Amino acid sequence: MFNDIGPLELVTIVVLAVLVFGPDKLPKVIQDVMRTIRKIREFSESAKEDIRQELGPEFKDFELEDLNPKTFIRKHLDSDELGLKEIRNGFDLKKEMAEVTDAVHSRETDASASSSGSGSSGSGSSGGRIDMTKKPEDPGTDERPPYDADAT
């Protein structure tokens, strides 16, 4: 609950409490605050128990924290019912990426070597490379371009 309060902040709170309530009333105030916190905890535990009883025996392990989507998903994915741990451990992303980059680099070097070799021979073929540039379609010499009524 108070994980982010440092020692200096805690000392500051204690000094302020002594100044506000005084040294003679401070123990009584601390007792009252602790009693109130205990009552709130007891009330929340009884409310949780009532909810569990109303939901039935199939929800015995139900926690209200499970209603948070992150904890719900984390709880169900961490359980080994689906075998996801084996899948997660069997998949090495760095290894897969290294294989992909090696495959891409080897293809690039093969394609550049074959195109430079075929370019020097003067044959005019692309050496196995596919030309991905878009070329305009030329209509045949006999054919007219299609008539577009919206263009006139």
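The values are calculated or read from the model by the stated rules, or taken from the named source; none is laboratory data. Just so you know, these numbers come straight off a predicted model, no measurement behind them. For neighbour counting, all protein chains shown are included, and Cβ atoms are generated from backbone atoms with ideal geometry for every residue, glycine included. We work out accessible area using only protein heavy atoms, side chains counted, and drop any ligands, DNA or RNA first. Shrake-Rupley method; radii C 1.70, N 1.55, O 1.52, S 1.80 Å.
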Does segment 30-37 contain any residue that is modelled with pLDDT of 90 or more, under 36 Å from the mean Cα position of the chain (by Cα) and basic (K, R)?
no
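Going residue by residue through segment 69-78, is there one that turns out to be open to solvent by 70 Å² or more (accessible area, probe 1.4 Å) and modelled with pLDDT of 80 or more?
The answer is yes; a qualifying residue exists.
Here's the yes/no breakdown for (1) over 30 Å from K75 (Cβ atoms); (2) of a type in the set (G, A, S); (3) not in a loop (DSSP other than H, G, I, E, B):
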residue	(1), (2), (3)
P23	yes, no, no
R35	yes, no, yes
D50	no, no, yes
Q53	no, no, yes
F62	no, no, no
Among the residues of segment 10-39, the number that are acidic (D, E) and either open to solvent by 100 Å² or more (accessible area, probe 1.4 Å) or touching an Asp or Glu at 6+ places or on another chain (Cβ under 6 Å) (or both) is 1
